[in-house]
Amino acid sequence: MTDNARARKLADRIQVVVAETLDRRIKDPRLGFVTITDARVTGDLREATVFYTVYGDDEERAASAAALESAKGVLRTEVGRQTGVRFTPSLAFVPDALPDNARTIEDLLDKARAKDAEVRQVSTGAQYAGDADPYRKPEDEDEETGTETETETDGSSEKNEGPASA
């Protein structure tokens with residue numbers, strides 16, 4: 001069993017080798033603007049999955065996928081020659097879903113921006129449901145001066161001071 005560090009190093013090397021070989025040696029006219037985004041190798045170093053993106057429409061993507069499948073032997077030979085491993089891993093090309101995921105996220109962000117703008121437009125000029133000052137004030141205080149008032153009960157004058165102080 002190999003360690004993950006060796007598999008990662010081999011995957012990085014395979015990514016570079018495949019990208020350089022596609023750029024320099026593969027002259028297939030079906031091959032569009034292909035970018036190798038990632039490569040992953042299994043723990044036993046027998047299989048490598050190479051992720052790629054193609055700039056263009058669905059027709060160009062299909063043509064590039066066919067070109068990569070037809071060049072798989074040349075690419076595997078070049079990987080084996082440049083990496084120097086005992087067993088050259090078999091290559092599998094998988095279109096990367098990253099651009100589609102990014103497009104989906106952008107669409108969701110656009111919808112969120114539209115909803116935010118709608119809420120902002122509805123809330124313009126709106127007022128709060130309660131009073132301007134929602135806190136209760138003691139009824140005994142004179143609102144203008146904030147002084148204590150005297151109340152009369154049974155003919156005697158008492159000073160109302162709010163809560164009893166002990």
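Miscellaneous remarks
- For residue 52, the amide hydrogen comes within under 5 Å of the amide hydrogens of 37, 94, 96, counting only partners 5 or more places away or on other chains and with H modelled in the peptide plane.
- Projected label points at residue 131 and residue 6, each 7 Å from Cα along the beta carbon direction, are separated by 7.9 nanometres.
- Computed with a 1.4 Å probe over protein heavy atoms only, the accessible surface of the range 3-47 comes to 66 Å² per residue.
- Per residue, in Å², the accessible surface of the range 64-121 once ligands and nucleic acids are set aside, probe 1.4 Å: 68 Å²
- In Å², nearest 10: area of residue 137 left accessible to a 1.4 Å probe: 130 Å²
- Under 23 Å from residue 72, Cα to Cα: lysines that are on another chain or at least 8 residues apart: 9, 27
The values are calculated or read from the model by the stated rules, or taken from the named source; none is laboratory data. Bear in mind that the values here come from a model prediction, so they are computed numbers and not experimental data. Note: ideal-geometry Cβ built from the backbone for every residue, glycine included; neighbour counts use all protein chains shown. For accessibility, only protein heavy atoms count, side chains too; no ligands or nucleic acids. Shrake-Rupley method; radii C 1.70, N 1.55, O 1.52, S 1.80 Å.
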